[in-house]
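As structure tokens, the structure follows; a few thoughts come after it.
The values are calculated or read from the model by the stated rules, or taken from the named source; none is laboratory data. Model, not experiment: these values are computed from the prediction. Virtual Cβ from ideal backbone geometry, glycine too; neighbours counted across all protein chains shown.
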Protein chains: 2
Amino acid sequence: MLLSKSCIYALRASVLIASKKNDGFITIRELSDELNISFHFLTKVLQELTKAELLESYKGPNGGVKLARPANKITFMDVVESIDGDYMINECVLGLPGCGVMKPCALHDQWSVLKTDIINMMNEYNLEAIAKNRELQRSFERKSAQFANL
Amino acid sequence: MLLSKSCIYALRASVLIASKKNDGFITIRELSDELNISFHFLTKVLQELTKAELLESYKGPNGGVKLARPANKITFMDVVESIDGDYMINECVLGLPGCGVMKPCALHDQWSVLKTDIINMMNEYNLEAIAKNRELQRSFERKSAQFANL
DNA sequence: GTATATTAAGATAAAATAGTCTTAATACCA
DNA sequence: TGGTATTAAGACTATTTTATCTTAATATAC
């Protein structure tokens, strides 16, 4: 798996938050219900996003979480790095310590090319764009009388 | 992590086997020593490659494992699929069941492009080519008085 | 202030992955 | 035939990841 489950949950939740135009706080319960993810587990994952300052949280009635900055200022990469760390950027595909230009593994060059594309996509694609795309996909789906994924 | 540790071990070992021009069987002990991988764990991993008919094994003195077909007929993908399954090919990057052209997730299209490149690389790159590349990297390294990775 | 709603944090459990150890099966060789 | 080398297989342990449950902290509203 490219992304851990925690990371996938974080992505799905933050895209869902971005897709709610609402400026106020959204409860994690609402998110977990809508995404079919365990409330407690999602809470933990979103806590990490809050620590990473991608989300703001607020306790008590009318509390919840919301994006800490505009959706187009939070990239796919921001979320991935907050949860899974920088493995995509720094780690060797064969897990070899010290792999790099000066000491490349047998897959280093071939993988570097692909990795760069992935990193670029993650850096360029942001929550606003993903949320917009999600809407598009869902409206397309509605026409074919199915439910779209997220 | 893109590849599981088992898969990484399988790749490193099969590339090492391919890089030994030797036509006979190579003991797993020799491989595990050279790669610094636990002998017993590597044994299990290579058993899976044997079951998948990428390797042939032979017991007893002068036994060991060897490639079941020429190194250029075993692809990166063959090894990955034998150990990690076809997640790279079939699974959604967000882990959503049923994600596909008819019911795409918010990342489906962007990811599809990258995934295709990865799959192509894995299908085109084979053990002979990887082993050759490994030699190249190592000779380059020897000049800079370091040890190359694998 | 007290009850309620909500996130934060910690303790525990379950499942998946990684790693070790022991025994079995098979093959060679003397 | 018996001893040794080797992979195969299974039992067991350890670690990491995922998931659940409980309690604490904080904010609101009445």
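Residues that are aromatic (Phe, Trp, Tyr) and within 15 Å of DNA strand C (Cβ to nearest atom) do occur in region B:48-60. Looking at B:Asn126, B:Asn90, B:Asn62, B:Asn133, just one residue is farther than 30 Å from A:Ser19 by Cβ and free of Cβ contacts under 8 Å to residues at least 24 places away in the same chain, and that residue is B:Asn133. Scanning region B:69-98 for residues that are among the polar types (S, T, N, Q) and buried (at least 17 other Cβ atoms within 10 Å of the Cβ) yields a count of 2. The set of residues in region B:101-123 that are part of a loop (DSSP other than H, G, I, E, B) and more than 9 Å from chain A (Cβ to nearest Cβ) contains only B:Val101. Remark: A:Asp86 falls outside the filter, which requires a residue to be charged (D, E, K, R), over 15 Å from A:Arg12 (Cα atoms) and over 14 Å from the mean Cα position of the chain (by Cα).
The single condition from (1) surrounded by 14 or more Cβ atoms within 10 Å (Cβ to Cβ); (2) of a type in the set (Lys, Arg); (3) at pLDDT 95 or above that B:Arg138 fails is (3). Evaluation of B:Ser82 against the conditions (1) closer than 30 Å to A:Ser4 by Cα; (2) in contact (Cβ under 8 Å) with a residue 24 or more places away in the chain; (3) in a loop (DSSP other than H, G, I, E, B) shows that the sole unmet condition is (3).
Within region B:72-97, the residues that satisfy the criterion of being farther than 19 Å from A:Lys115 by Cβ and at the interface with another protein chain (Cβ under 7 Å from one of its Cβ atoms) are B:Leu94, B:Gly95, B:Leu96.
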